[in-house]
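Here's the structure, in structure tokens; my notes come after.
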Amino acid sequence: MTDAAFPDTAGMAGSAAGRQPSLMKRVALIAGATGLAMCLAVATLIVLNARVAIWQETRTALQSAGATLGGGLRIGAPGEETGPLLMRLAAEFDALRHVSAYAVDAGGHALALPAGPAQAEVESDDHPPSWFSALMRHETESVDVPVLNAEGGVIGRLHLTTDPADEIEEVWEDFRVIIPLITLSAAVMVLIAVALCRVFLRRIRVLEAIVSDMRRGNLETRVPPMQAREFSDLGQGINDLAEFLARERADNIVLQQRILTIGEDERARIAFDLHDQMGPRLFALTSALEQIRSLTGRASDGAPLSEALEASLSHARAVQSMARSAINDLRPMVIGHVPLCEALEELVVEFAGLHPAPDIRLETGSGPLPALSEVAELSVYRFVRESVLNALRHGGADRITIRLEDHSGAPKSLLITVSDNGSGPDETPPQPGHGLSGIMDRALALGAVFKAPSRAGGLTVTSLRMPHR
Ligand SMILES: Nc1ncnc2c1ncn2[C@@H]1O[C@H](COP(=O)(O)OP(=O)(O)OP(=O)(O)O)[C@@H](O)[C@H]1O
Ligand SMILES: [Mg+2]
């Protein structure tokens, strides 16, 4: 496993989500808009209904007042003064609900009504605002009735008109209580919606944290029990998914290990075949050639033959040495025969034979190294060999330190660090070739953590953390 096995896309998701308004804002906006629409609808309904009712009531009142008067009205005794009579009559009709009245004398002059309680009401604080009255009013309807004296002579006229003022006042009384009440309930609705949203978001954040954990490769965390059924089901689904992925990962590791073991076994078989079959023959060939050389060396005319034999011998030795190194590469013979520490010491000695000789140190601490499986030891050996080779080949290093530290934390692991004083990789992380790819595959199969070469404290550091029992 490499440390970048599970790329975390939470940041990407977060930045995309950052451009959109939050759920909380949306809920508050929708609830607020719904409340406002509700207030407007109720206000419109009240105004429309009241308008129709006012129109009907004022019209009916005017019609019944007109019907009372009939074609005309006879009042007063003969010779009685008509002015006060007309004014009293107008005041009586003006006092009726939904109707206002004034009288006109025989000369066509309007007679002023004495100031009464109706006028006082009009000036009170409960008077509806003019915009509300304008909303409620219909076109005024009127009736004009002649007033006659006892002899049947016209002494004036009574003018009646529809007057919705008191009705509008009553509607206004209701309106100014109902609308604030609805506004208040809409505000409470918004608050409840936001509070519920907060609770849901808190739960969603718990789920989000667990999924982020899973994305980073931690399949051990589980969603805690949640109260709401929907969240509980979702949490259970995430837990099931985590368990499924953990099982798949375990199966995958077993499979990878099997492939690795089969691969190593196959390499070992080829190495042993080469060693057992080619080795003796090459040995026999070089021995035979040496023998011929010693025989021909004594012959007086054997110079050309001796040269040819010398060349054949050197070719045979080269093939023998190449076969030995190929066999060792396929399967380092020391692994499984000597402790890992000794195998690595031998490797250091091999590298020290190079020209110019690099300064390679092996630090294993004081205690004994933990026992690893053969395939794990092989992987550690190959990791060290490849890392040292890379340091020499690519970094041009001349001082390399190989450190092995046993860590007792959970899980127990052996940490192998190869640090060199070379120039380091051109890019971080470097583009893997066969060497790094092979190490990564083995690490994945064995549940180990591989860290590709990177610069730290002026050195190039490559590490492998191999778990063990
Ligand atoms: N210690 C190091 N110092 C500098 N560069 C390094 C080091 N280790 C690895 N690299 C870089 O990482 C690259 C990949 O290494 P890797 O071992 O996978 O392939 P390679 O060595 O190029 O070829 P091969 O397949 O033969 O191993 C190298 O080409 C090199 O650029
Ligand atoms: Mg390499």
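Some points to look at:
- Charge dipole (the chain, unit charges on Cβ, about Cα centre) - positive-most of 83, 112, 162: 162
- Surface analysis of region 337-467 yields an accessible area of 50 Å² per residue, using protein heavy atoms and a 1.4 Å probe.
- Given charges at Cβ of Lys, Arg, Asp, Glu: the chain dipole, positive-most of 256, 227, 392: 392
- Dipole in debye (nearest 20) - the chain, about Cα centre, beta carbon charges: Lys, Arg +1; Asp, Glu -1: 2280
- Computed accessible area, residue 202, all protein chains, 1.4 angstrom probe, square angstrom: 150
- Computed [θ] at 222 nm, deg cm²/dmol, the chain (DSSP H ≥ 4; -39,500 (n - 2.57); rounded to nearest 500): -20500 deg cm²/dmol
- Listed residues 132, 200 arranged by accessible area, highest first, probe 1.4 Å: 200, 132
- Dipole magnitude of region 337-467, debye to nearest 20 (Cβ charges: Lys/Arg +1, Asp/Glu -1, about Cα centre): 340
- Residue 401 exposes around 30 Å² of accessible area when a 1.4 Å probe is run over every protein chain in place.
- For the chain, with +1 on Lys and Arg beta carbons and -1 on Asp and Glu, the positive-most of 45, 291, 206 along the dipole: 291
- Within the full protein context, the accessible area of residue 55 is estimated at about 90 Å² for a probe radius of 1.4 Å.
- For the residues 241, 207, a 1.4 Å probe over the protein chains yields an accessible-area ranking, largest first, of 241, 207.
- Accessible heavy-atom area order of 283, 351, 272, highest first, probe of 1.4 Å: 283, 272, 351
- Region 28-43 versus region 365-386: alpha-carbon centroid distance in Å: 72
The values are calculated or read from the model by the stated rules, or taken from the named source; none is laboratory data. No experiment lies behind these values; they were computed from the predicted model shown. Don't worry about glycine lacking a Cβ; one is built from the backbone with ideal geometry, like all the others, and counts go over all protein chains shown. Just so you know, the surface numbers come from the protein's heavy atoms only, side chains and all, with ligands and any DNA or RNA stripped out. Shrake-Rupley method; radii C 1.70, N 1.55, O 1.52, S 1.80 Å.
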